[in-house]
Amino acid sequence: MGIGRHAPENWMRVTGWSLFAIGTLFIPYVPWYILGGIREEEIGRWGFFAVIGGLVVGVCTRMYRLGSLPVKRGLLLLGIVGMAFVVLGQVPALFSWLMYGGSFVRHWMPWERIGFGLGMLLHIWLAVTALMTAVVSGYALTGRMEPELRLRAREGAIYFALLAAVIGGWWGWDCYQSSHWIAQTVPADGSLEVPRDSEVRVVWKGRHDSMGMRVRYADSPDTPVPGETAGSGGGMSYRPEGGFAPGARVQITVEAGRRTHTFTFTTASE
């Protein structure tokens, strides 16, 4: 497509359609779902966000074509950041294909290597088109395609200030969520004289499908405490095998998604 006057618009269009089309391949509810029997939520979520991203890029492409020069400059700036997220979004997907090879599509591919190549190629294509969109957008803002598109210093300062505010706000909200995502722990953090046969329960806010619990004694953090663990979308529970040790400080670490929470309690003496 080259670096011509319409290059930003053309690369936006290619990336948008690619995101939409490839995203549908990873949504389990469509007939042409590429992975057959694999139904993991993370894969469907990736496909859903890819489709939404493709639609957003398509709308932005239309706005770019019809917008004024300030609108075009703003869309180019937003596009650079958005395309960076698209490129980063291919990293976990490529890692999964490298780890599992073409076994995902073996049910309809005659050779595993073809399935592996297809999966890799789809994500590499998205990364390349997104990267080219970002590069061409940055080049357009230098004014070498159209002098009128050259980014003015004041506009750039306002944009980066707003971007910093958005990133700072998101980071602050994420930190707050990381500290307030637990609704209840039983026993409560810091409890003393807890009965040795007590069941440990953790209830979190919202629902999570990926979870785990680590139970250790504080004076022996590398030795697992045998017991039975159970979980659901809203929390986890643990019952020690034969009861906890007497007068022991127990440390519980629970994970749900990318959130982690640790609390401790001390059991009753003999």
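The values are calculated or read from the model by the stated rules, or taken from the named source; none is laboratory data. What you see is a predicted model, and the numbers here were worked out from it, not measured in a lab. No Cβ is skipped: glycine too gets one built from the backbone with ideal geometry, and neighbour counts run over all protein chains shown. In case anyone asks, the SASA skips ligands and DNA or RNA and just uses the protein heavy atoms, side chains included. Shrake-Rupley method; radii C 1.70, N 1.55, O 1.52, S 1.80 Å.
List every residue pair whose Cβ atoms lie under 9 Å apart, where the two residues are 6 or more positions apart in sequence or sit on different chains, the first residue falls within region 156-184 and is under 26 Å from Trp204 (Cβ atoms), and the second residue, located anywhere, is assigned to a helix (DSSP H, G or I) and open to solvent by 60 Å² or more (accessible area, probe 1.4 Å).
Listed pairs, sorted by first residue: none to list.
Determine which member of the set Arg144, Arg73 is within 22 Å of Leu162 (Cα to Cα) and either at pLDDT below 80 or basic (Lys, Arg) (or both).
Arg73
For residues that are of a type in the set (Ser, Thr, Tyr) and in contact (Cβ under 8 Å) with a residue 40 or more places away in the chain, scanning just region 57-85, find the one that is nearest to Glu155 (Cα to Cα).
Step by step, filter region 57-85, then rank; the result is Tyr64.
Table: residues versus (1) in a loop (DSSP other than H, G, I, E, B); (2) in contact with a Lys or Arg (Cβ under 9 Å, 6 or more places away or on another chain).
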position	(1), (2)
His208	yes, yes
Arg214	no, no
Ala230	no, yes
Met236	no, yes
Arg239	no, no
Gly243	yes, yes
Gln251	no, yes
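Taking region 119-143 on its own, how many of its residues are without any contact (Cβ under 8 Å) to a residue 40 or more places away in the chain, open to solvent by 20 Å² or more (accessible area, probe 1.4 Å) and of a type outside the set (S, T, N, Q)?
The qualifying residues number 5.
So in region 68-85, with the set limited to residues that are in contact with a Leu (Cβ under 7 Å, 6 or more places away or on another chain) and farther than 18 Å from Thr129 by Cα, which one is least open to solvent (accessible area, probe 1.4 Å)?
Top of the filtered list is Arg73.
Please determine whether any residue of region 40-54 is open to solvent by 80 Å² or more (accessible area, probe 1.4 Å) and not in a helix (DSSP H, G or I).
Scanning region 40-54 turns up at least one residue that is open to solvent by 80 Å² or more (accessible area, probe 1.4 Å) and not in a helix (DSSP H, G or I).
Among the numbered criteria (1) open to solvent by less than 80 Å² (accessible area, probe 1.4 Å); (2) in a strand (DSSP E or B), which one does Tyr159 miss?
Going through (1) open to solvent by less than 80 Å² (accessible area, probe 1.4 Å); (2) in a strand (DSSP E or B) one by one, Tyr159 breaks only (2).
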